[in-house]
Amino acid sequence: YEDAITSVIIVFRDITRIIEAEETLRRYQLLSDYANDMIIFSDIDGKIIEANNAALMTFGYKEKEILNKSIFDLVMPNRQALVMTAPPERPDASGVYYEATAKKKDGTAFYVEVSLQSAQARNNRVLLSILRNITERKRVQNELEKARANAEAANHAKSEFLANMSHEIRTPLNGMLGMIDLTLLSSLTDEQRDNLLTAKACASNLLSLISDILDLSRIEAGKLSLENIEFNFKEFVEQTIKPHLLKAQAKYLLL
């Protein structure tokens with residue numbers, strides 16, 4: 001029995017790492033295929049190597065078409081929007097984050113937020129570009145900026161109007177107060193003098209109110225100062241009541 005099998009050699013190979021690597025690759029593939037963000041791999045010169053479904057759908061290219069393109073044909077960086085100092089054509093190891101204008105196959109332009117990272121793949125370096133469509137966000141930002149500018153313009157116009165009108169009203173009031181003071185120097189009965197003093201107090205209160213309106217402009221300019229002034233509360237109440245005395249008596253109210 002020279003040809004009979006007398007022994008068997010069994011070789012076991014641990015393929016755990018291979019299976020784990022394949023599983024990891026499948027997870028990344030699923031993440032790339034179903035991600036809402038556009039993911040594009042390109043070589044160091046920008047030639048596109050791979051693009052996920054979101055990128056193909058957004059830009060309107062088929063896979064074979066986009067592989068003949070450069071990432072810099074699709075995305076035009078706005079250098080004023082660069083977050084890091086490294087230029088997008090040659091990102092360093094820390095990557096680049098910036099806003100850019102992207103162009104679809106049909107020529108339609110839209111805004112994107114780009115995260116560009118350089119990585120080593122075997123013996124070659126590749127660029128990983130993750131793009132997010134921010135067109136709607138930019139539109140809202142522009143509308144908010146316009147609304148803010150309009151609000152500031154309206155507020156400035158209001159302050160200017162108040163200042164001009166307050167000065168215009170002050171002029172005749174000062175004239176009235178001056179004439180009342182001149183009349184008080186003449187011969188008057190006690191009742192006439194008391195009535196004129198009440199009228200003067202009312203005009204002075206109105207003048208003070210106009211000054212308060214002007215204080216709105218001072219508040220906005222940060223130049224308003226507050227003062228602590230002592231006053232006679234009884235006299236203050238009496239001066240407040242006097243202008244309404246006739247109307248109160250007409251309604252049979254006791255003061």
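The values are calculated or read from the model by the stated rules, or taken from the named source; none is laboratory data. Bear in mind the structure is a predicted one, so any value in this text is a computation, not a measurement. For neighbour counting, all protein chains shown are included, and Cβ atoms are generated from backbone atoms with ideal geometry for every residue, glycine included. To get the accessible areas, we keep the full protein, side chains included, count just its heavy atoms, and leave off ligands, DNA and RNA. Shrake-Rupley method; radii C 1.70, N 1.55, O 1.52, S 1.80 Å.
The table below lists the values:
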{"read-out": "Some residue of the range 102-113 being at pLDDT 80 or above, among the aliphatic types (A, V, I, L, M) and assigned to a helix (DSSP H, G or I)", "value": "no"}
{"read-out": "Check on Arg170, among the basic types (Lys, Arg) and open to solvent by 100 Å² or more (accessible area, probe 1.4 Å)", "value": "no"}
{"read-out": "Checklist (1) surrounded by 15 or more Cβ atoms within 10 Å (Cβ to Cβ); (2) without any contact (Cβ under 8 Å) to a residue 24 or more places away in the chain; (3) not in a strand (DSSP E or B) applied to Glu145, failing item", "value": "(1)"}
{"read-out": "Options Asp181, Asp190: the member that is modelled with pLDDT of 80 or more, open to solvent by 90 Å² or more (accessible area, probe 1.4 Å) and at negative phi", "value": "Asp190"}
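Rundown of residues vs (1) closer than 27 Å to Ser159 by Cα; (2) open to solvent by 100 Å² or more (accessible area, probe 1.4 Å); (3) at pLDDT below 80; (4) small (Gly, Ala, Ser), yes/no style:
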residue	(1), (2), (3), (4)
Leu206	yes, no, no, no
Ile210	yes, no, yes, no
Asp215	yes, no, yes, no
Ile219	yes, no, yes, no
Leu224	yes, no, yes, no
Asn228	yes, yes, no, no
Thr240	no, no, yes, no
Leu245	no, no, yes, no
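So that you can scan it fast, the table gives a plain yes or no per residue for (1) surrounded by 13 or more Cβ atoms within 10 Å (Cβ to Cβ); (2) touching a helix residue (DSSP H, G or I) at 6+ places or on another chain (Cβ under 6 Å); (3) at pLDDT 70 or above:
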position: Glu20; (1), (2), (3): no, no, no
position: Tyr34; (1), (2), (3): no, no, no
position: Ala51; (1), (2), (3): yes, yes, yes
position: Leu67; (1), (2), (3): yes, no, yes
position: Leu82; (1), (2), (3): yes, no, no
position: Ala86; (1), (2), (3): yes, no, no
position: Pro91; (1), (2), (3): yes, no, no
position: Ser115; (1), (2), (3): yes, no, yes
position: Arg122; (1), (2), (3): no, no, no
